[in-house]
Amino acid sequence: MDDKRKKDYFEFLINEYDRGDARIQGEHPEDVKIAIDTFFRAGKILVDNPESGNIPTEYVDKLISTLAQYPEYHELVLELALIVSNGEGE
């Protein structure tokens with residue numbers, strides 16, 4: 001997927017979540033739900049204010065560190081770490 005399509009899809013997902021048309025599905029620990037919700041809310045700030053450039057690293061760090069506490073999310077943590085290390089989130 002090219003950068004323009006990734007950006008458009010990111011904005012679509014964030015706006016769907018913000019409107020309540022998309023939500024966190026399934027059973028998850030409360031701290032995981034909070035970390036995901038906070039990350040999406042930070043994403044909405046980025047969508048509304050693209051000049052800010054990136055989601056602040058503390059939101060990404062909190063999401064990854066919260067997910068890393070649970071073995072069932074380790075694969076996702078590795079994928080997110082790879083995205084961050086490859087600079088795909090920039």
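The values are calculated or read from the model by the stated rules, or taken from the named source; none is laboratory data. Just so it is clear, the structure is predicted and the values come from calculations on it, not from any experiment. Positions of Cβ are backbone-derived with ideal geometry, glycine not excepted, and every protein chain shown enters the neighbour counts.
Summary of values
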{"quantity": "Test: residue in segment 23-43 that is of a type in the set (Lys, Arg) and over 12 Å from the mean Cα position of the chain (by Cα)", "calculated": "yes"}
{"quantity": "Qualifying residue in segment 58-79 (condition: under 12 Å from the mean Cα position of the chain (by Cα), part of a helix (DSSP H, G or I) and polar (S, T, N, Q))", "calculated": "no"}
{"quantity": "Total residues in segment 1-36, condition among the polar types (S, T, N, Q), more than 15 Å from TYR73 (Cα to Cα) and without any contact (Cβ under 8 Å) to a residue 24 or more places away in the chain", "calculated": "0"}
{"quantity": "Filter result for TYR59 (at pLDDT 90 or above, surrounded by 15 or more Cβ atoms within 10 Å (Cβ to Cβ) and not acidic (Asp, Glu))", "calculated": "yes"}
{"quantity": "Among (1) at pLDDT 90 or above; (2) farther than 18 Å from LEU13 by Cα; (3) not β-branched (Val, Ile, Thr), the one test that ARG41 misses", "calculated": "(2)"}
{"quantity": "Tally of residues being among the charged types (D, E, K, R), in contact (Cβ under 8 Å) with a residue 12 or more places away in the chain and over 15 Å from VAL84 (Cβ atoms) across segment 44-74", "calculated": "1"}
